[in-house]
Amino acid sequence: LFMVFDGRFKLIHAEGGFRPLLFDLANDPHEFRDLAKSDGHEAEIDRLYEYLARWGRRMSQRVTRSDAQIEAGRGQSLRRGILPFLADGSEVDEELLERYRGPQTNLYSP
């Protein structure tokens, strides 16, 4: 779910082909009436989707490596980065899990 709020209207976007939800928090602070169900609010929905699109394009979301570089790095080493797709840890050698188990040594970076 992604939510955008402009101080009055709140848009909720869900992936998977679901329609958006739109609430006017000035008149409906408890979000009981979904305005996106009715006609006449397309401009607000479009405007808030533009805010969401701008947020998604911000600098911190940019990837500095090409798709080819990312794909070439897949499967290289499980000793660097994160361990994706683990359910309970039995999928990989115990040695790879040691640094994730037990007490945390540093709770912050000095």
Say a site is exposed when it is one of the trypsin sites (Lys or Arg not before Pro), sits in a DSSP loop, and has at most 11 other Cβ atoms within 10 Å; what is then the longest site-free stretch of the chain?
9-56
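What 222 nm value per residue comes from the helices of the chain, counting each DSSP H run with n ≥ 4 as -39,500 (n - 2.57) and dividing by all residues, nearest 500 deg cm²/dmol?
Working: 3 runs with 26 residues, N = 110.
Calculated at 222 nm, the ellipticity per residue is -6500 deg cm²/dmol.
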Rg followed by Dmax, in Å, when the chain is reduced to its Cα trace
21.5, 59
State the extension gain, in nm to one decimal, for the chain segment bounded by A43 and H13, taking 0.36 nm per residue of separation less the distance between their alpha-carbons.
9.2 nm
Could you tell me which residue out of F5, W55, S38 lies farthest along the dipole of segment 2-61 toward its positive end? Charges go on the beta carbon: Lys and Arg +1, Asp and Glu -1, centred on the Cα centre.
W55
Contour minus Cα-Cα distance for D6 and R101 (0.36 nm per residue)
30.0 nm
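Between L83 and D34, what length in nm is gained on full extension when 0.36 nm per residue of separation is reduced by their alpha carbon distance? Each step should come with its number before you reach the end.
Working: separation 49, 0.36 × 49 = 17.64 nm, distance 3.99 nm.
Using 0.36 nm per residue and subtracting the Cα-Cα distance, I get 13.7 nm.
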For segment 2-61, Rg(Cα) over 2.2 N^0.38 Å is 1.13
Can you put M59, M3 in order of Cβ neighbours within 10 angstrom, beginning with the fewest?
M59, M3
Any idea what the dipole of segment 2-61 comes to, in debye rounded to 20, about its Cα centre with Lys/Arg Cβ at +1 and Asp/Glu Cβ at -1?
260
Against the longest principal axis of the chain, how steep is helix 42-56, in degrees 0 to 90 to the nearest 10, with axes from Cα atoms?
20
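List the chymotrypsin sites (Phe, Trp or Tyr not before Pro) within segment 1-78 that DSSP assigns to loop and that have no more than 15 neighbouring Cβ atoms inside 10 Å. Don't skip to the answer; put the middle values down first.
Numbers: sites: F2, F5, F9, F18, F23, F32, Y49, Y51, W55; in loops: F18, F32.
Taking segment 1-78 and a limit of 15 other Cβ atoms within 10 Å, the loop chymotrypsin sites (Phe, Trp or Tyr not before Pro) found are F18, F32.
Read-outs throughout are calculated quantities, based only on the coordinates presented, and are distinct from any laboratory measurement. Owing to the predicted nature of the structure, the values given are computational and were not obtained by experimental measurement. Methodologically, a virtual Cβ is constructed for each residue, glycine included, from the backbone with ideal geometry; neighbour enumeration extends over all protein chains shown.
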